[in-house]
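See below for the structure under consideration.
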Amino acid sequence: MILLPESFESRMKVVLGNEFHQFRESIHSTVNYSVRVNPNKIKGAVNLTPVKTCSTGYYLDQRPIFTLDPLFHAGAYYVQESSSMFLEQFICHVQKKTLRVLDLCAAPGGKSTHLCSLLPPDSLLVCNEVIHSRAMILSENLKKWGNPNVVVSCNDPRDFSRLPGFFDIIVVDAPCSGEGLFRRDPSAIDEWSDSNTALCAQRQRRILADVWPALAEDGMLVYSTCTYNPAENEENISWLSEFTEVEGIELAIPENWRIVTTEASDIPCYRFYPHNVPGEGYFTAAVQKKGRVDAEKRSKEKSVLPLASKAEQLAWSDLLQQLPLSLVKFEENFLAFPTNQLQLLDLIKAALRIVHAGVKVGEIKQTSLVPAHELAVSTIINTSHFPSLDLSLEQSISFLKRDDFRLDFQDQGWNLLTYRDYPIGWAKNIGNRFNNGYPKEWRIRMSTNEYTGERLIDEAKKFPLNEL
Ligand code: SAM
């Protein structure tokens, strides 16, 4: 029996009226697990129940041990709560062909990886996380997702005032009191208090005010929380509309989605309750910025980033798909970044603390190319250039754990290892053994001893993209 805080219950009784009983019951019902597949990677149809609000979202019948699934490490899907996939509805509403997008509170990367899949080609996505350790997790997830048009920064929201009017879309998935997670994570109840909800509301206003100057004229800000507290939701949206000139964004939502529409100073807001939707509690609203915005003037000069020489570019060209990418030198490494966005990268680099950009393709040691792990799992790799070896599930897990084991290679040198044809990393065949190119810091650390033979096959049957 989950015991809810008294003052939370009293507030919810007022908000929900005679629906409160159903809401209370739903806190004890089973959680729906869901994933979003990577449209740039998946091969074939997905045989799962779709999430209505998201073209790439699916529910799972049961929760597998994702760590044991090589396709999870390959960035073929992301485990994400289904209510938050609603972001897609706002993004699809935008007509502009090329977008500059900021995901301000981005770790661990649910919305960021979703945005990667939604944005039109030639768009740029800046994913920011203020806490450095979380920015590292965000980078890992984005590297696995594999898109080259992404920058990860580690900045306080106020730093974005250095990029006035720069972004067409800003997503603020704000840190909140987490009431919508009480069912999935009852420990959130222990962290909840009235005083903390008030602090959250204040912090959210500061975040909104700090990032607002970075939004372009007519740009869209999408705000969301995973809480029910009106002070962190509608009241913040009303406050924003008093503090600046905005227009609400109204979506045509089918009734059978059972999302509750509320209003904050004429701005439509969307509430997700677990007794109505097959997901967790969530709130979201979007506004369009009105009034004049003096945007950053872009210089017409060429990018100042150190580009690879013609010879270096030629050396890498066969390893990459023929895309409009430029290679930039960063210390010993080469990064691939969309050519049409190099100038923007210059501007961002001058304003923010960047922790990741584009796709690291590798380095040149003496005269040999050493491919980076990021390239293997990226969407820009030319897989046909490399000898490859498709591993069994057991072998893939051993590789991802960086265990010592033998593989039967046909070719010397760098081999692309795959699981069911999805790249999972590199191994350099050096005769009687191989060098494992999987990043040490990402390796599977859990003990997998009990998951062998039949037990592993049973577990694999629960994997989202299994073929068993
Ligand atoms: N958008 C993420 C996703 O979809 O995976 C989840 C974001 S989580 C709800 C909120 C994030 O805001 C956390 O990663 C947290 O570290 C960050 N955060 C905490 N305090 C912050 C602040 N003062 N300013 C900006 N971000 C903050």
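Below is a table of values for the structure above.
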| quantity | calculated |
| --- | --- |
| Matching entry among SER133, SER84 (being within 29 Å of ASP218 (Cβ to Cβ), of a type in the set (Gly, Ala, Ser) and either within 16 Å of the ligand (Cβ to nearest atom) or open to solvent by 10 Å² or more (accessible area, probe 1.4 Å) (or both)) | SER84 |
| Residue in region 156-163 that is more than 27 Å from LEU240 (Cβ to Cβ), within 21 Å of the chain's Cα centre (by Cα) and either part of a loop (DSSP other than H, G, I, E, B) or in contact (Cβ under 8 Å) with a residue 60 or more places away in the chain (or both) present | no |
| Residue under evaluation LEU124, criteria (1) more than 16 Å from the ligand (Cβ to nearest atom); (2) surrounded by 23 or more Cβ atoms within 10 Å (Cβ to Cβ); (3) under 28 Å from ASP421 (Cβ atoms), criterion not met | (3) |
| Some residue of region 230-241 being assigned to a strand (DSSP E or B), crowded, with 16+ Cβ neighbours inside 10 Å and under 23 Å from the mean Cα position of the chain (by Cα) | no |
| Total residues in region 258-301, condition assigned to a loop (DSSP other than H, G, I, E, B) and either within 20 Å of VAL94 (Cβ to Cβ) or modelled with pLDDT under 95 (or both) | 13 |
| Cβ-Cβ under 6 Å pairs, at least 6 apart or on other chains, region 387-406 side more than 17 Å from GLY431 (Cα to Cα), far side of a type in the set (D, E, K, R) and open to solvent by 30 Å² or more (accessible area, probe 1.4 Å) | LYS401/ARG443; ARG402/ARG443 |
| Residue check, LEU163 under 21 Å from TYR270 (Cα atoms) and crowded, with 18+ Cβ neighbours inside 10 Å | no |
| The listed residue being within 25 Å of the chain's Cα centre (by Cα) and among the hydroxyl-bearing types (Ser, Thr, Tyr), out of THR284, THR262, THR244 | THR284 |
| Subset of region 388-406 [among the polar types (S, T, N, Q) and out of contact with any strand residue (DSSP E or B) (no Cβ under 6 Å at 6 or more places or on another chain)] | SER392, GLN395, SER398 |
| Subset of region 21-40 [surrounded by 15 or more Cβ atoms within 10 Å (Cβ to Cβ), part of a helix (DSSP H, G or I) and not charged (D, E, K, R)] | PHE23, SER26 |
| Test for VAL246: is it in contact with a Gly (Cβ under 8 Å, 6 or more places away or on another chain) and among the hydrophobic types (A, V, I, L, M, F, W, C) | no |
| Residue ranges of helices (runs of 4 or more DSSP H) in region 354-468 with at least 3 members crowded, with 19+ Cβ neighbours inside 10 Å | 373-376, 393-401 |
| Tally, over region 92-108, of residues that are away from the ligand (no atom under 12 Å from the Cβ), open to solvent by 10 Å² or more (accessible area, probe 1.4 Å) and aliphatic (A, V, I, L, M) | 1 |
| Test: residue in region 213-226 that is touching a helix residue (DSSP H, G or I) at 6+ places or on another chain (Cβ under 9 Å), within 14 Å of the ligand (Cβ to nearest atom), without any contact (Cβ under 8 Å) to a residue 60 or more places away in the chain and of a type outside the set (Gly, Ala, Ser) | yes |
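Yes/no matrix, rows are residues, columns are (1) within 11 Å of the ligand (Cβ to nearest atom); (2) open to solvent by less than 10 Å² (accessible area, probe 1.4 Å); (3) of a type in the set (Val, Ile, Thr):
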| position | (1), (2), (3) |
| --- | --- |
| ASN149 | no, no, no |
| ASP159 | yes, no, no |
| ILE170 | no, yes, yes |
| ASP185 | no, no, no |
| ASP190 | no, no, no |
| SER195 | no, no, no |
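Conditions tested, residue by residue: (1) more than 16 Å from VAL361 (Cα to Cα); (2) of a type outside the set (A, V, I, L, M, F, W, C); (3) free of Cβ contacts under 8 Å to residues at least 40 places away in the same chain.
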residue: THR261; (1), (2), (3): yes, yes, yes
residue: ARG271; (1), (2), (3): yes, yes, no
residue: PRO274; (1), (2), (3): yes, yes, no
residue: TYR282; (1), (2), (3): yes, yes, no
residue: VAL304; (1), (2), (3): yes, no, no
residue: ALA311; (1), (2), (3): no, no, yes
residue: LYS329; (1), (2), (3): no, yes, yes
residue: LYS349; (1), (2), (3): yes, yes, no
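The values are calculated or read from the model by the stated rules, or taken from the named source; none is laboratory data. Quick caveat: nothing in here was measured; it's all calculated off a predicted structure. Note that we place each Cβ from the backbone using ideal geometry, even for glycine, and neighbour counts take in every protein chain shown. In case anyone asks, the SASA skips ligands and DNA or RNA and just uses the protein heavy atoms, side chains included. Shrake-Rupley method; radii C 1.70, N 1.55, O 1.52, S 1.80 Å.
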